[in-house]
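Since the structure comes first, as structure tokens, the remarks are kept for the end.
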Amino acid sequence: MKKILSALLACTLIGAMVFAFAGCSNSLDEAEKGESKTNSAANSAAKSTDKSTADEAKPSKGELHMATNAFFPPYEYYEEDKIVGIDAEIAKAICDKLGYDLVIDDMEFDSIITAVQSGKADFGMAGMTVTDERKEAIDFTDTYANAIQVIIVKEGSDKVKSADDLAKATVGVQLGTTGDIYVSDIKGCNVDQYSKGNDAVLALTQGKVDAVVIDNEPAKAFVAANEGLTILEEPFENEDYAICVAKNSDLTGQINGALKELKADGTIQSIIDKYIK
Ligand code: ARG
């Protein structure tokens, strides 16, 4: 009887040690991940949301790195040190479906395509508009949202009252965006390129530029955050957003499969509705 008892005790002890050790190595893992600021933020945001039991049962296939530029509310922006927004949440839902851990890498908008081309990032998601020129460098998945380029001006501005007036104005844009591409094509337009959309908007509030051309949802967010700005009624260009992936990658089909399911079950719409009222 004593022998059995001590054997049981030994088993329990070994079990406890194994358990403690597993717990320990796990938290080391987390600490290592925490070294990269944006990554750990994205991961913890991801973890706290919708970890279903099904996901926990499946071992992860590894990480998928998403390249973005996180100054583009409501698609991607910082909440404290966490990157949140429509793109961040859709990307998380896609990765959950495919069995990957999502890591978000914040960078300049005009570095995203190069990062995806070179394999530094697995995909790019940044309210990115599908254009023929970009298609020469990367592949796009199916689209998941629509957008319109709009013109922000100071309230009561006489200088820019319509798109035609851009031809004799100084216009702020985010470098490398479609807004940048459109106004750069307008003869007589003086284009000021900024690395972030909010820097272009700041220049507008300071009277350094006469207008800013940017996507409608970030435009609304920037106008709400800055007094004395308004969006011109006349819409400028209609666009579709998609995820970019390296040319001829298997990931395109996998992401499209996940997107299809997430559209069908209403997940995409509910994420969009959460951020766009
Ligand atoms: N839709 C525009 C484009 O594709 C602007 C996107 C800017 N995105 C961002 N995350 N800063 O060029």
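Where a number appears in this text, it was derived from the coordinates with a stated rule and is not lab data. Bear in mind the structure is a predicted one, so any value in this text is a computation, not a measurement. Note that each Cβ is placed from the backbone with ideal geometry, even for glycine, and that neighbours are counted across all protein chains shown.
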For this session: Kindly list the residues of segment 179-204 that lie in the label zone of ASP164, defined by a backbone N under 17 Å from the point 7 Å along the Cα-to-C-beta vector.
Result: 186-189
Seminar exercise, completed: Most packed first (mean Cβ within 10 Å per residue), the peptides 177-188, 154-165, 104-115 order as 104-115, 177-188, 154-165
For this session: Could you size up the charge dipole of segment 170-277 around its Cα centre, putting +1 on the beta carbon of Lys and Arg and -1 on that of Asp and Glu, and report it in debye to the nearest 20?
Result: 240 debye
Exercise. Under a point-charge model restricted to the Cβ atoms of Lys and Arg (+1) and Asp and Glu (-1), what is the dipole moment magnitude of segment 117-157 relative to its Cα centre, in debye to the nearest 20?
Worked result: 180 debye
Problem set entry | Sorted peptide list for 197-206, 68-77, criterion being average Cβ within 10 angstrom, highest first | 68-77, 197-206
Exercise. Of the lysine pairs in segment 165-271, how many meet both conditions: Cα atoms under 16 Å apart, and a spacing of 8 or more in sequence or different chains?
Worked result: 4
For this session: Would you mind classifying segment 171-270 by shape? Square roots of the alpha carbon gyration tensor eigenvalues, ordered a ≥ b ≥ c; an a/c under 1.5 is rounded, otherwise it is prolate if a/b is larger than b/c and oblate if not.
Result: prolate
For this session: Specify whether the C-alpha gyration tensor of segment 88-234 places it in the rounded, prolate or oblate class, a ≥ b ≥ c being the square roots of the eigenvalues: rounded for a/c under 1.5, otherwise prolate if a/b is larger than b/c and oblate if not.
Result: prolate
Problem set entry | Around VAL84: net Lys/Arg minus Asp/Glu count, Cβ-Cβ under 11 Å | -3
For this session: Using Cα positions and a limit of under 15 Å, work out the aspartates and glutamates in reach of LYS277, with same-chain residues fewer than 8 apart set aside.
Result: GLU217
Exercise. What residue among ASN190, ILE94, ASN146 has its Cα farthest toward the positive end of the dipole of segment 78-194, where the charges are +1 on Lys, Arg and -1 on Asp, Glu, each on the Cβ?
Worked result: ASN190
